[in-house]
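Asks: Would you mind keeping the following structure in view while I ask a few things?
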Amino acid sequence: MADGSKTIWKRQIPLFLMIVPGCLYLIVNNYAPMFGVFIAFKNIDYAKGIFKSDWVGFSNFTYLFKTADAFVITRNTVLYNLAFIVIGTVTGIAVGIMLSELRGSVKLKFYQTVLLLPYLLSWVIVAYIGYAFMSSDIGLLNNAILPALGLKPISWYADYKVWPFILTAVNLWKGIGYSSVLYLSTIIGIDKNLYEAAQIDGASKWRQIKNITLPMLKPMVIMLVILNVGRIFNSDFGLFYQLPMNSGALYPTTQTIDTYVYRGLMQLNDVSMSAAAGLYQSVVGFVMVIAANAFVRKVSSENVLF
Amino acid sequence: MIQSRSETIFQVAINICLSFMVLMVIIPIWLLIAGSFTDDSALISGGYGLFPKVFSLSAYEYLMFKSKDILNALGISFFITTTGTAASLIITPLLAYPLSRKDFTARNAVSFFVFFTMLFNGGIVPSYMMWTQFFKIKNTVWALMIPNLLMNGFSVIMMKNYFAQNIPAELIEAAKIDGGGEFYIFYKVVLPLSLPIMATIGLLTAIGFWNDWTNGLYYVNDSRFFSLQNLLNRILTNVQFLASSTEISQRAVNMKLPSVSIRMAIAVVGVTPIMALYPFFQKYFVKGITIGAVKG
């Protein structure tokens, strides 16, 4: 027996060798920083080095939560995510259904291809496009569209009140192709006999969508929504950093946990505070994912993630 | 079968809706392209428009013949995309394949090890400290390639599932009986049967490398190592700086900003490779989205 297991191990040496580079990468890139979270409990002083900087316990956190920033970044991150989840899901399903109802595969391919284009653009390019629209002197909005509607020009990069709408619209613009293709793939998988039977019974298109398509999409919707709720503490750094062009006047409505951590680390040189905010995000995010998964296990255990 | 009237109305309605959305997608991208073909002074006096008021190719002429920075950045973008994608397509399947083998002893432990990276992360601050203080990759080309982009748990699990579902265990057994070693089987049996998943993951990885600007933002401030995205980002930052400063300082004068149309032309160059190849890889891209949605 002992001899048998020894030969199994020996035979598997090549398999172990195969996983070495990938595992090394994960250890360095993913696991080492997990142990680096101790930085949040130190007062980082580059002169002393990271390991020799003084321990300060939870004072970085108490300080962070005393500032108004902690509330603003948490509120923005969570509220934007909620808006994105609701709007993204509803439009994704609607467009997915429209694509699935199209007659002709050439049309389908055309619409699908075009709607996915924004998903391929980097946020830097999207910021350039945004600037072409919103630049206060030469942008298309202030120069052509608003005057045509008889409206006064808006100084887009200084007025934070308009940004919840801009960010939501751009997020939808960039993500609509992705989510509709996702839902489309589920709709394609629905048994065609269901629709044929409904047609024979004289059910209208609307009734077919309401009574067949939507109920069949439900598990997928639940799963994706819960996944996104699990990520509610994360924000797309590109959307919130690039599109507002890092403009300070817009922070009340554009600052999220991710941009706050970036600015603390790279612009304000407040490493300890930044690390505290980052750890706060990681831990709450982790709890949210675990909770979301536990919830799925309860409502529909076949869709459980782990 | 005769199309009923309500069916025709329905078809017209969804086509109108989808065409409207297509316009909403195309117009912003078109605005960028039109800007790059507009004479710069016309752009500054007349603003952006959907059709160039004065057509001009001078922005592209400038990019082709006069600007070393942009060619350099383009070269770096190509280098990190090709090298990075190649490296990723070596280490990712090498890790995913043993995990797909039911007889691999460490299967569950290593699978969890991979999966956990998708649940929890230490955040950017510890990563930044490690890469800059310990590995000292600041201002090297490796900084653009290695942190975060080389491999992720998500693609490992996608690949592992593909191997598990598409490579019959009997085939591997048969190859073993024929005396093939594990590496030989992986290379000669498994990989040739896995080209679709390799194309899909390779594609998503390549787009990730080409579009990345965050690594450059954190780890590179020497413009010799800027990728195209970093260069674009730096220009936009300077534009914002000029717009927000009331007096034109010496620093602002020193920035030597490229003109508006040249900026748009650089951005167009930044999207062109993806747009040009998109029709060919569209199939794999849609596939990537669809299989990515299925649980890990």
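The values are calculated or read from the model by the stated rules, or taken from the named source; none is laboratory data. No experiment lies behind these values; they were computed from the predicted model shown. All Cβ positions, glycine included, derive from the backbone under ideal geometry; neighbour counts span all protein chains shown. Heavy atoms of the whole protein, side chains included, go into the accessibility calculation; ligands, DNA and RNA do not. Shrake-Rupley method; radii C 1.70, N 1.55, O 1.52, S 1.80 Å.
Asks: Is it the case that residue A:51 is more than 21 Å from the chain's Cα centre (by Cα), facing chain B (nearest Cβ under 8 Å) and loosely packed, with under 12 Cβ neighbours inside 10 Å? If you could, list the steps in order and put the result at the bottom.
Replies: Values: more than 21 Å from the chain's Cα centre (by Cα): yes; facing chain B (nearest Cβ under 8 Å): no; loosely packed, with under 12 Cβ neighbours inside 10 Å: yes.
The answer is no for residue A:51.
Asks: What is the residue count in segment A:249-283 for residues that are assigned to a helix (DSSP H, G or I), open to solvent by 40 Å² or more (accessible area, probe 1.4 Å) and more than 10 Å from chain B (Cβ to nearest Cβ)?
Replies: The number of residues fulfilling the criteria is 3.
Asks: Scanning segment A:222-248 for residues that are modelled with pLDDT under 90 and open to solvent by 30 Å² or more (accessible area, probe 1.4 Å), which turns out farthest from the other protein chains (Cβ to nearest Cβ)?
Replies: Residue satisfying both the conditions and the ranking: A:229.
Asks: Which of (1) open to solvent by less than 40 Å² (accessible area, probe 1.4 Å); (2) touching a residue at least 40 places away in the same chain (Cβ under 8 Å); (3) within 11 Å of chain A (Cβ to nearest Cβ) does residue B:158 not meet, given it meets every other one?
Replies: Looking at each condition in turn, residue B:158 falls short on (3).
Asks: Sort through B:186, B:226 and tell me the only one that's surrounded by 14 or more Cβ atoms within 10 Å (Cβ to Cβ), within 14 Å of another protein chain (Cβ to nearest Cβ), modelled with pLDDT of 90 or more and in contact with a Gly (Cβ under 8 Å, 6 or more places away or on another chain). First the steps, then the outcome.
Replies: On the way: B:186 fails: in contact with a Gly (Cβ under 8 Å, 6 or more places away or on another chain).
After ruling out the rest, the residue left standing is B:226.
Asks: Give the residues of segment B:99-115 that are open to solvent by 60 Å² or more (accessible area, probe 1.4 Å) and facing chain A (nearest Cβ under 7 Å), sorted by residue number.
Replies: B:105
Asks: Still on this structure, please answer the following. Identify, by number, the condition in (1) at pLDDT 90 or above; (2) within 12 Å of another protein chain (Cβ to nearest Cβ) that residue A:61 doesn't meet.
Replies: For residue A:61, the failing item is (2).
Asks: May I pose another question? Open to solvent by less than 20 Å² (accessible area, probe 1.4 Å) and either within 30 Å of residue A:213 (Cα to Cα) or at the interface with chain B (Cβ under 7 Å from one of its Cβ atoms) (or both): is that true of residue A:146 in this structure? Can you show your working first?
Replies: Working: open to solvent by less than 20 Å² (accessible area, probe 1.4 Å): yes; either within 30 Å of residue A:213 (Cα to Cα) or at the interface with chain B (Cβ under 7 Å from one of its Cβ atoms) (or both): no.
So residue A:146 does not fit the description; no.
Asks: Further question: In segment A:24-42, what residues are open to solvent by less than 20 Å² (accessible area, probe 1.4 Å), more than 7 Å from chain B (Cβ to nearest Cβ) and either assigned to a helix (DSSP H, G or I) or closer than 22 Å to residue B:105 by Cβ (or both)?
Replies: Answer for segment A:24-42, where residues must be open to solvent by less than 20 Å² (accessible area, probe 1.4 Å), more than 7 Å from chain B (Cβ to nearest Cβ) and either assigned to a helix (DSSP H, G or I) or closer than 22 Å to residue B:105 by Cβ (or both): just A:40.
Asks: Let me ask another. Of the residues that make up segment B:83-91, is at least one touching a residue at least 40 places away in the same chain (Cβ under 8 Å), away from chain A (no Cβ under 13 Å) and part of a helix (DSSP H, G or I)? Before the answer, list the steps.
Replies: Step one: filter segment B:83-91 for residues touching a residue at least 40 places away in the same chain (Cβ under 8 Å), giving B:83-85, B:87-89, B:91.
Subsequent filtering for residues that are away from chain A (no Cβ under 13 Å) retains B:83, B:85.
Restricting the remaining residues to those that are part of a helix (DSSP H, G or I) gives B:83, B:85.
The answer is yes; a qualifying residue exists.
Asks: A further question follows. Where residues in segment B:127-155 are facing chain A (nearest Cβ under 7 Å) and open to solvent by 40 Å² or more (accessible area, probe 1.4 Å), which of them is modelled with the highest pLDDT? Before the answer, list the steps.
Replies: Residues of segment B:127-155 that are facing chain A (nearest Cβ under 7 Å), as a first pass: B:127-130, B:133, B:147-148, B:150-151.
Narrowing the set further to residues that are open to solvent by 40 Å² or more (accessible area, probe 1.4 Å) leaves B:133, B:148.
On the way: B:133: 89, B:148: 93.
The selected residue is B:148.
Asks: Take residue B:51 and decide whether it is surrounded by fewer than 13 Cβ atoms within 10 Å (Cβ to Cβ), within 13 Å of chain A (Cβ to nearest Cβ), in contact (Cβ under 8 Å) with a residue 12 or more places away in the chain and among the aromatic types (Phe, Trp, Tyr).
Replies: Numbers: surrounded by fewer than 13 Cβ atoms within 10 Å (Cβ to Cβ): yes; within 13 Å of chain A (Cβ to nearest Cβ): yes; in contact (Cβ under 8 Å) with a residue 12 or more places away in the chain: yes; among the aromatic types (Phe, Trp, Tyr): yes.
For residue B:51, the condition - surrounded by fewer than 13 Cβ atoms within 10 Å (Cβ to Cβ), within 13 Å of chain A (Cβ to nearest Cβ), in contact (Cβ under 8 Å) with a residue 12 or more places away in the chain and among the aromatic types (Phe, Trp, Tyr) - is met.
Asks: Also, I was wondering about something else. Exactly one of (1) out of contact with any strand residue (DSSP E or B) (no Cβ under 8 Å at 6 or more places or on another chain); (2) at pLDDT 90 or above; (3) open to solvent by less than 60 Å² (accessible area, probe 1.4 Å); (4) farther than 30 Å from residue A:272 by Cβ is unmet by residue B:124. Its number?
Replies: (4)
Asks: Let me ask you something else. Against the condition over 30 Å from residue A:298 (Cα atoms), part of a helix (DSSP H, G or I), out of contact with any Ser or Thr (no Cβ under 7 Å at 6 or more places or on another chain) and without any contact (Cβ under 8 Å) to a residue 40 or more places away in the chain, how does residue A:197 come out, does it pass?
Replies: Values: over 30 Å from residue A:298 (Cα atoms): yes; part of a helix (DSSP H, G or I): yes; out of contact with any Ser or Thr (no Cβ under 7 Å at 6 or more places or on another chain): yes; without any contact (Cβ under 8 Å) to a residue 40 or more places away in the chain: yes.
So residue A:197 fits the description; yes.
Asks: Exactly one of these conditions fails for residue B:59: (1) under 30 Å from residue A:111 (Cβ atoms); (2) in a helix (DSSP H, G or I); (3) among the small types (Gly, Ala, Ser). Give me its number.
Replies: Residue B:59 satisfies all of (1) under 30 Å from residue A:111 (Cβ atoms); (2) in a helix (DSSP H, G or I); (3) among the small types (Gly, Ala, Ser) except (1).
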